[in-house]
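Okay, so here's the structure we're looking at.
The values are calculated or read from the model by the stated rules, or taken from the named source; none is laboratory data. This structure is a prediction, so every number in the text was calculated from the model and none was measured. Note that each Cβ is placed from the backbone with ideal geometry, even for glycine, and that neighbours are counted across all protein chains shown.
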């Protein structure tokens, strides 16, 4: 009882005792519990105490029988202590061993040595750290259970650590001489207590430990949900109702919350996109208005230029005329066929009798009749331009915008 084990990393901390109280009828002990819970440390403490006692040394254990409350520590005599602890993987290119292969070679040697030492007293203690590891979990669990059964028949005591349910079930299945023990682990401080709880089996709590050691929260959450789904599926397959609907409801609520956050984020992004689109539309409208104003200014400038050029041309022509009679002659020369100037200087249709002295062909040269679709100047409308839409003899119908007159 009270065996002390202390690693160099914990040399400045308090020494923690661990009790191994194995009933005489027990020949196989499966120690289970979480990683970093002290399973391997307990194996090392037991093996060290056995080897020290075999060498005649005082063992680091309490209970020397000096007072009435403590009992002296008792350690069984053993011929040999056979242990498979740690990883014997090698990187040799020629004949190198993987983790699983290295453990398997050690297990073979241990079973062979146990068989050679087997006698009526079974003076061999076997210590195995997670047998069957490093391979497929299902096959590894079956292999571990078979090895432990074989070692139990060849040794005084076999103690093994494991996470496999099959190993935990050995004692529960009624195997004679098999017992369970679990290492105690403080989930709040994430530290082992190095206490062995006999008759119990512990959970691995790998996800909680990973969270305590700083694994990213989103990874921890994803792992826990996946583990719960696997547990519910396994429970449903066996008819176990320990996983009730509350787990499903909570998972659904979590999924809805994540979906809500996603939709809110998308709505925010859509709002920003709408604001950008509105800003772009306003910019396009502003630029379009600017371009339209520019086109208007250019058109007005072009019209003013044409008007100025026409005025300059008319003034230049007037400058060349010395008298009104000459000006009238110039204007008459610019008039369309069939039109002339009256005494006031207005443009009027040429009189049929006027200009007969010019000869018989004068009428055909001077007489002008508009055609449908042609643009004419209407004096009655203030000299406005109108479109000819109909000709009925001497009557001409014109359209000026929405106004039609004859």
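Could you identify the single residue in 224, 278, 264, 269 that is surrounded by 10 or more Cβ atoms within 10 Å (Cβ to Cβ) and either within 30 Å of residue 341 (Cα to Cα) or at pLDDT below 80 (or both)?
Just a single option satisfies the conditions, and that option is 224.
Going through 346, 328, 342 one at a time, which residue ends up being within 24 Å of residue 314 (Cβ to Cβ), surrounded by fewer than 11 Cβ atoms within 10 Å (Cβ to Cβ), modelled with pLDDT under 75 and touching a strand residue (DSSP E or B) at 6+ places or on another chain (Cβ under 6 Å)?
Checking each option against the conditions leaves just 342.
Looking at (1) in a helix (DSSP H, G or I); (2) modelled with pLDDT under 85, can you tell me which one residue 93 breaks?
Unmet condition: (1).
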